[in-house]
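Visitor: This structure is in structure tokens; I'll ask about it shortly.
The values are calculated or read from the model by the stated rules, or taken from the named source; none is laboratory data. No experiment lies behind these values; they were computed from the predicted model shown. As a convention, Cβ positions derive from the backbone with ideal geometry for all residues, glycine included, and neighbour counts pool all protein chains shown.
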Amino acid sequence: MRVHSFLVLLCGLLLGGCVNEYFFSQVDRVPADDDDDVRRTNPPTPTDPPPPTDPPPSQWPPNTGDMPDLYFAIAWSEWPCQWDEGLWADGSLPLEQSDIWLPCDARNVAVVNMFGEVVDEFTPPGLEESEAVGFLQLSGGGPGQFLHVVQPLGDTDSGTEPDSFYLGASWQAWRGDSYTGEHLMVANWDNESQSVWLPQAGRSIDVGAQSSNLQLGLLPTNPDLLLTWSGQEWCAPSSPLQPLRMTHIFSPETLIVGWDPEVFLPPELLGEVAIPGAWNMDLSVDEEGEVSALFGVTTGGCSGAPDDPATLQLVSWSPGQEDGWFAPTETGWQPRAATYTGGRGSGALNLLGEYGLPRWRVTSPASVSEGTLSPDLSGYRPGPLIDPQGPTFTVIGTDAQTWAGDSLDFYHQGEVVWSIDRLRFGLQERQVYFADAVLLSQRP
């Protein structure tokens with residue numbers, strides 16, 4: 001069944017209110033071990049925030065009679081998922097993942113509504129059931145579209161040693177379209193040429209330094225364009241931060257100029273990222289339909305000196321606009337990842353915490369909000385950020401008592417107000433594990 005009346009993006013989001021506010025001059029002064037209250041501070045170095053928009057007519061928390069018309073693409077697995085911090089340009093997984101016998105086999109992507117009802121399914125063709133498949137990435141694209149990156153690891157019955165699954169195996173990037181049902185492989189790693197192969201265009205592209213942390217994405221305003229960005233995860237002078245490159249996935253001739261780091265990273269950070277780490281890229285659009293992006297970079301830490309700590313930085317940027325912002329953040333033992341929306345003034349969601357309950361943090365140009373997550377789930381990962389002003393966002397977690405499956409929990413002003421804890425395939429309900437979820441944009 002296809003979705004024809006699709007996605008009123010951000011329908012039903014309230015302008016955040018009724019929350020105690022705490023104002024500090026630095027983001028790192030937010031209490032990290034207090035109660036469940038939402039804490040807000042001013043970000044350390046923002047530009048002037050855009051004026052707030054009028055509150056939409058519907059309200060959070062939702063109810064069955066007034067449900068936001070939102071749709072999500074969810075990559076799911078039959079068994080619990082391990083978190084991979086990035087896709088390596090040479091096709092392998094990060095070394096710390098190389099001893100995992102069972103990868104997150106999220107070869108399946110389900111498009112669901114707010115009730116978890118599956119309205120479309122996508123699985124890369126040609127994969128045998130006995131073939132191990134590792135999940136690497138799920139990201140949004142144009143209206144109703146997403147990019148799904150997996151890594152076929154070989155036949156599990158072939159007698160191949162587990163470690164060999166992760167050494168040089170090629171990844172595949174598939175573009176799914178919920179409007180048309182189209183499912184195409186648009187990129188894969190070519191070990192022979194050590195480059196990314198575009199099968200629809202019939203050509204290879206250079207993505208910069210090898211064995212680097214590679215970020216992939218589809219340009220939301222033109223999903224025929226593939227964006228690649230990479231930077232060394234460690235302090236290696238031989239692998240500098242690469243430009244943000246754009247390539248047409250269908251045309252063998254179209255050449256498109258990308259952006260150098262000096263364009264999309266603020267000058268205050270460029271002096272500290274001579275040997276940077278690139279750990280995040282999330283693409284979105286604002287209310288005007290313009291591209292907006294979030295980058296995660298690491299500054300400092302290469303000297304090993306106490307006065308040179310490694311700091312994770314969030315950078316919000318839009319081409320041709322000067323209202324970008326950046327702010328430091330942290331993750332602790334939580335997954336090093338952030339999700340982003342360019343709407344409602346823009347904002348980023350990431351998780352943090354070393355001891356006690358894990359915490360969420362929403363960073364926007366106007367404020368930084370923070371609070372604790374529910375103890376009912378474990379293994380939390382950030383899900384789609386819906387409204388940074390609420391804040392209204394989602395997180396993925398595993399049932400801490402039964403390990404029967406994962407849940408996509410919706411938070412509004414620090415409280416869980418809705419959950420998708422199973423997928424509904426017609427009349428059948430199934431509890432499965434969610435590798436990742438993205439909010440699908442609507443067709444204008």
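Visitor: Test each condition in (1) crowded, with 22+ Cβ neighbours inside 10 Å; (2) not in a strand (DSSP E or B) for D307 and report the one that comes out false.
Guide: The number of the failed condition is (1).
Visitor: Please specify each residue of the stretch 366-417 satisfying the condition of being within 27 Å of Q137 (Cβ to Cβ) and among the hydroxyl-bearing types (S, T, Y).
Guide: Hits for the stretch 366-417 are S369, S374, S378, Y380, T392, T394, T398, S407, Y411.
Visitor: Only one of these is more than 21 Å from V109 (Cβ to Cβ) and basic (K, R): R424, R361. Name it.
Guide: R361
Visitor: Return a yes/no flag: does the stretch 368-387 have any residue that is within 21 Å of Q442 (Cα to Cα) and more than 15 Å from the chain's Cα centre (by Cα).
Guide: Checking the stretch 368-387: at least one residue is within 21 Å of Q442 (Cα to Cα) and more than 15 Å from the chain's Cα centre (by Cα).
Visitor: Is it the case, given these coordinates, that G126 is surrounded by fewer than 16 Cβ atoms within 10 Å (Cβ to Cβ), small (G, A, S), part of a loop (DSSP other than H, G, I, E, B) and at pLDDT below 65?
Guide: Spelling it out, it is not the case that G126 is surrounded by fewer than 16 Cβ atoms within 10 Å (Cβ to Cβ), small (G, A, S), part of a loop (DSSP other than H, G, I, E, B) and at pLDDT below 65.
Visitor: Do we find a residue being touching a helix residue (DSSP H, G or I) at 6+ places or on another chain (Cβ under 8 Å) and polar (S, T, N, Q) anywhere in the stretch 269-289?
Guide: no
Visitor: Related question: Could you check the stretch 176-228 and list, in sequence order, the residues that are within 23 Å of S284 (Cα to Cα), touching a Ser or Thr at 6+ places or on another chain (Cβ under 9 Å) and outside any strand (DSSP E or B)?
Guide: Once the filter is applied, which keeps residues that are within 23 Å of S284 (Cα to Cα), touching a Ser or Thr at 6+ places or on another chain (Cβ under 9 Å) and outside any strand (DSSP E or B), the stretch 176-228 yields V207, P220.
Visitor: Still on this structure: Condition test on P328, is it of a type outside the set (S, T, Y), surrounded by fewer than 21 Cβ atoms within 10 Å (Cβ to Cβ), in contact with a strand residue (DSSP E or B) (Cβ under 9 Å, 6 or more places away or on another chain) and not in a loop (DSSP other than H, G, I, E, B)?
Guide: It is true that P328 is of a type outside the set (S, T, Y), surrounded by fewer than 21 Cβ atoms within 10 Å (Cβ to Cβ), in contact with a strand residue (DSSP E or B) (Cβ under 9 Å, 6 or more places away or on another chain) and not in a loop (DSSP other than H, G, I, E, B).
Visitor: Among the numbered conditions (1) modelled with pLDDT of 95 or more; (2) over 20 Å from R336 (Cα atoms); (3) not basic (K, R), tell me where T394 comes up short.
Guide: (2)
Visitor: Kindly check whether there is at least one residue in the stretch 364-374 that is among the charged types (D, E, K, R), touching a residue at least 24 places away in the same chain (Cβ under 8 Å), touching a Gly at 6+ places or on another chain (Cβ under 7 Å) and in a strand (DSSP E or B).
Guide: Taking every residue of the stretch 364-374 in turn, none turns out to be among the charged types (D, E, K, R), touching a residue at least 24 places away in the same chain (Cβ under 8 Å), touching a Gly at 6+ places or on another chain (Cβ under 7 Å) and in a strand (DSSP E or B).
Visitor: Sticking with this one: All but one of (1) buried (at least 21 other Cβ atoms within 10 Å of the Cβ); (2) of a type in the set (V, I, T); (3) modelled with pLDDT of 90 or more hold for V263; state the number of the condition that does not hold.
Guide: Against the list (1) buried (at least 21 other Cβ atoms within 10 Å of the Cβ); (2) of a type in the set (V, I, T); (3) modelled with pLDDT of 90 or more, V263 comes up short only on (1).
Visitor: Give the number of residues within the stretch 289-311 that are farther than 21 Å from D260 by Cβ and at pLDDT 90 or above.
Guide: 1
Visitor: Please work out which residue is nearest to the chain's Cα centre (by Cα), limiting yourself to the stretch 129-155 and to residues that are over 14 Å from W171 (Cβ atoms) and surrounded by 24 or more Cβ atoms within 10 Å (Cβ to Cβ).
Guide: So, considering only residues that are over 14 Å from W171 (Cβ atoms) and surrounded by 24 or more Cβ atoms within 10 Å (Cβ to Cβ), the one nearest to the chain's Cα centre (by Cα) is G140.
Visitor: How about the stretch 377-412: which of its residues are part of a loop (DSSP other than H, G, I, E, B), crowded, with 22+ Cβ neighbours inside 10 Å and among the polar types (S, T, N, Q)?
Guide: Passing the criteria: only Q389.
Visitor: Another question, if that's okay. Considering (1) surrounded by fewer than 24 Cβ atoms within 10 Å (Cβ to Cβ); (2) farther than 20 Å from D436 by Cα, say which one T363 fails and leave the rest.
Guide: Of (1) surrounded by fewer than 24 Cβ atoms within 10 Å (Cβ to Cβ); (2) farther than 20 Å from D436 by Cα, only one is false for T363: (1).
Visitor: Right, next: Go over the candidates L167, L184 one by one and state the one that is surrounded by fewer than 16 Cβ atoms within 10 Å (Cβ to Cβ) and at pLDDT 95 or above.
Guide: Unique residue meeting the criteria: L184.
Visitor: Another question, if that's okay. Can L241 be described as farther than 28 Å from V118 by Cα, modelled with pLDDT under 80 and crowded, with 21+ Cβ neighbours inside 10 Å?
Guide: Judged against the criteria, L241 is a match.
Visitor: Contact list please: Cβ distance under 6 Å, first residue in the stretch 377-402 and without any contact (Cβ under 8 Å) to a residue 24 or more places away in the chain, second residue part of a loop (DSSP other than H, G, I, E, B) and of a type in the set (A, V, I, L, M, F, W, C), pairs at least six apart or on different chains.
Guide: S378/A400
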